[in-house]
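Quick note: the coordinates plus some simple rules give every number you see, no bench work behind them. None of these values were measured; they are calculated from a predicted model. Positions of Cβ are backbone-derived with ideal geometry, glycine not excepted, and every protein chain shown enters the neighbour counts.
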Amino acid sequence: MQTNQAKQLFLEADTLIQRAEYELNRADEDVVPHQICSSTRIAIANYLQSFLMRNGRAIPDTTNLDHLLQICAKEDDRFSELNLSTIDCRANFEDHSYCSNMNKLQECFTLAQKTRSLTMQDKWPKSVRTK
């Protein structure tokens, strides 16, 4: 059951990243910054939570990306390379405020992609990989 939930979180995060990428590639006047901001921060949280679930760890009752990252780093030291300090909302990923600076949004998107690469499904057991 936990493996299915982990897989679902990963897939939801992928969908969120696709939405953010779509927005980033739109004409400047058509971009919806809130979509990019909320999609990337929730995707990062989902990737981290998915990783923890896949490794049999309980998901802490927190909305703090830094805390999730610390727990992931205890499981796999590659997560220590991920620096979330550029994400202003990392203390609460359910925060409803958002960033509208395009450079900052691009940084957050890049961090979400890096988080994904650390939690890629090809590292999952074959029985749970997405086709």
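The table below lists the values:
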{"item": "Residues ARG41, ARG116, ARG57, sorted so that the one with the fewest Cβ neighbours within 10 Å comes first", "result": "ARG57, ARG116, ARG41"}
{"item": "Taking LEU9, LEU84 and counting other C-beta atoms within 10 Å, the order from fewest to most", "result": "LEU84, LEU9"}
{"item": "Order of PHE109, PHE10 under a 10 Å beta carbon neighbour criterion, fewest first", "result": "PHE109, PHE10"}
{"item": "Globularity index of the range 16-73, i.e. its alpha-carbon radius of gyration over 2.2 N^0.38 Å", "result": "1.36"}
{"item": "Neighbour cut-off at most 15 other Cβ (10 Å), DSSP loop, GluC sites (Glu not before Pro), the range 1-80", "result": "none"}
